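Here is the structure we will look at.
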Amino acid sequence: MTKCCILACSPFNFHITTHHPSVIRNLHNIYGERVVDINHFEGFIDYNVSVTHSGGLRRLLKDQARFTCDKLEPFKPLNRSQAFAMLEWGLNWVVAAHEVSHLVVHSAVLAKNGKAILFPAPPGSGKSTLTAYLSRNGWRLLSDEMALITPLTLEVTPFVRPICLKNDSIELVKSWYPKATFSTIAKDTHKGDVVHMAPDEDSVKLQNETAQIAGIVFPKFSKNKFCDIFSMDKATAYTLLTENAFNFSVLQGKGVQSIINIVERVPAFEVHYNDLEELDSFLSEDILE
């Protein structure tokens, strides 16, 4: 049976169509009141996306999930048990591939008192575990996956969605926050086992409040490091931000100037850590003060 709904996730509204009941259940569980009945929605729809069955005989033999956006299918079909995870990755792709009013950087973003820190990091760096911890310890979650930066400014717009936890971090974070809300598990994806953790209520309530970038931190979890902090020169910070900017080439000169503006005005650090409290103290006392 086909189900449709609107995901009103500021600053975008997504019209979602799906054949998979697990997608609808997880949407309501993770996004709550931001999932709106299509008949009660009066706003502008930014993107039409779908997670549907396989076609033909494949559906009978081995049903899969297929993600499309305006008839484009950017991913290969996945096992139907991975349908909700596929939707989340699909929403990331949609914004990264189409957004032009913001500079989009692959980065977590968290804020305190209106001041934000960007956390660009490759897979395996512990970024999402760090994001989960900070978001439940006095920081406001703006995004786990992408920073939406107003070009030529330090202003970052929240895109408050769930935190994507993988493999060992799933049980670790669940043990820290047993009352938090989690999606069903997607096993054996290309990232391993994956669960999405709902954002905290305060971050959702403030989803329309922008913050000003105060620092950039490239984190790397290391079991053998307590908290090693290295100040990063502006040229290196520029190169790494450029590599993590999804739409850098699309924005052309404005993209170049936007990244220059950021690295010229805020400090950048590489941090190797294994103690989250120690890292939190550095972020709060040394960057935001």
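Side notes on the structure shown:
- Across all C-alpha atoms in the stretch 135-185, the radius of gyration and Dmax reach 13.8, 41 Å.
- Residue-level accessible surface for VAL250, protein heavy atoms, 1.4 Å, Å²: 90
- The stretch 22-41-the stretch 118-142 distance, computed between alpha-carbon centres (Å): 25
- Remark: the stretch 161-214 carries 53 Å² of accessible area per residue (probe radius 1.4 Å; ligands, DNA and RNA excluded).
- The chain: angle of helix 234-244 to the longest principal axis, Cα-based, in degrees nearest 10: 0
- Accessible area of the stretch 183-229 belonging to carbon and sulfur atoms, whole % at 1.4 Å probe: 48
- Note on the stretch 74-119: Cα Rg divided by 2.2 N^0.38 Å, N the number of residues, gives 1.52.
- Probe 1.4 Å - accessible area at LEU78, Å² to nearest ten: 40
- When the helices of the chain are scored as -39500 (n - 2.57) per DSSP H run of n ≥ 4 and the total is divided over every residue, the value at 222 nm lands at -9000 deg cm²/dmol.
- Within the same chain, lysines fewer than 8 places from LYS223 are excluded, and of the rest, those with a Cα less than 23 Å from its Cα are LYS127, LYS166, LYS174, LYS191.
- Ligands, DNA and RNA are left out, and with a 1.4 angstrom probe the accessible area of the stretch 1-136 is 45 Å² per residue.
- With respect to the chain, whose longest principal axis is taken over its alpha-carbon atoms, helix 253-265 is tilted by about 50°.
- With one equal scatterer per alpha carbon and no solvent term, the Debye-computed log10 I(q)/I(0) for the chain at 0.11, 0.12, 0.16 1/Å reads -0.64, -0.77, -1.33.
- Working note: Debye formula, equal point scatterers on the alpha-carbon atoms of the stretch 135-289, no solvent; log10 I(q)/I(0) at q = 0.15, 0.19 Å⁻¹ is -0.99, -1.42.
- Angle between the chain longest axis and helix 21-31 axis [Cα atoms, degrees, rounded to 10]: 30
- Three-way shape call for the stretch 71-149 based on the alpha-carbon gyration tensor, with the a/c threshold at 1.5: oblate
The values are calculated or read from the model by the stated rules, or taken from the named source; none is laboratory data. These numbers come from a predicted model, not from an experiment. Note: areas computed on protein heavy atoms with side chains; ligands, DNA, RNA excluded. Shrake-Rupley method; radii C 1.70, N 1.55, O 1.52, S 1.80 Å.
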